[in-house]
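The values are calculated or read from the model by the stated rules, or taken from the named source; none is laboratory data. Everything quoted here is computed from the prediction, not taken from an experiment. Backbone-built Cβ (ideal geometry, glycine too); neighbour counts: all protein chains shown. Only protein heavy atoms, including side chains, enter the accessible area calculation; ligands, DNA and RNA are left aside. Shrake-Rupley method; radii C 1.70, N 1.55, O 1.52, S 1.80 Å.
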Amino acid sequence: MSLPKPAMRGLLAKRLRFHLPIAFALSIVAAAAFKYAVTEPRKQAYADFYKQYDAMKEFNAMKEAGIFQSVRPSGE
Amino acid sequence: MLHLTAGHVGGLLSRRGVAAFSSSNVKMASHGHGEVTEQADMSVPMYWDRLDTPLPDRPYKDTLSSADKSLKQKEKGPWNNLSKEEKLACWYFFLIRSSVYRMTFKESFAEMKKPTGEWKTVVGGIFFFIGFTGLVVLWQRYYVYPPHPRTLDEEWQAMQVKRMLDMKVNPVEGFSAKWDYEKGQWK
């Protein structure tokens, strides 16, 4: 019949040699993509928001809208 | 089924150990309620046609007549033909049709693996019962559920949205970030 003898050993090692670098590379790519697509823009958005943030102005706007229980709008 | 190339045969013969799906064809009748005569004697070695356990405890024909016995002797001879790969296909064709094979096995692999169309019944049953459940839910909607709470009215929802915007819920990236406070409209 003279078929070649199939590989009997090292099957897992061979598979890992192929798949592990790919797995690591893809994981790193996924992490980098998330960092630069999500977290960096989000950090920038928060920085921009608070650069021009006036706490007292916001507070007074909320007070006039009447959402607080301890401080009522200036009309009442 | 029998147009096999030499390569395929090797794969087929070695696939006897691979579990695909278990279509158990054991002699015991699974749906014979009134047919007590069909019950197999499970205290002696049994025969089955299965993909995951391909070698049953006994050959298909247990008691060999004298003609069968002489045929079994011939089984020892022709196997030497397997040394040439190109003869394998013809040999396998022969084998499936031969009494030698059929004495040991009731069905060939191809016959065993024949699709049954059972999946159509299963899928049909699934859709039927999902549909029936839909009707039940519809009935519940009209006869079981109490009236809506007032917090789900249009008016109330509008007041709720206004309050959320006044409180500046999620002003950076979320809810209030989408509202234009100068113009008083959604961005």
Completion exercise
Considering residues that are of a type in the set (A, V, I, L, M, F, W, C) and within 14 Å of another protein chain (Cβ to nearest Cβ), the number found within the range B:142-174 is 7
Exercise for the section: Enumerate the helices (runs of 4 or more DSSP H) found wholly within the range A:5-76, keeping only those where 2 or more residues are within 30 Å of residue B:163 (Cα to Cα). Expected result: A:40-51, A:55-65
Exercise for the section: Could you tell me whether any residue of the range A:19-35 is exposed (fewer than 10 other Cβ atoms within 10 Å of the Cβ) and away from chain B (no Cβ under 14 Å)? Expected result: yes
Fill in the blank from the handout: Counting only helices (runs of 4 or more DSSP H) wholly inside the range B:100-187, the ones holding at least 1 residues that are surrounded by 12 or more Cβ atoms within 10 Å (Cβ to Cβ), within 36 Å of the chain's Cα centre (by Cα) and assigned by the TED database to the domain that holds residue B:54 are B:109-112
Exercise for the section: Of all residues in the range A:42-58, count the ones that are within 10 Å of chain B (Cβ to nearest Cβ) and open to solvent by 60 Å² or more (accessible area, probe 1.4 Å). Expected result: 5
Exercise for the section: Select from the range A:1-10 the residues that are open to solvent by 100 Å² or more (accessible area, probe 1.4 Å) and either touching a Lys or Arg at 6+ places or on another chain (Cβ under 7 Å) or away from chain B (no Cβ under 14 Å) (or both) and list them in ascending order. Expected result: A:8, A:9
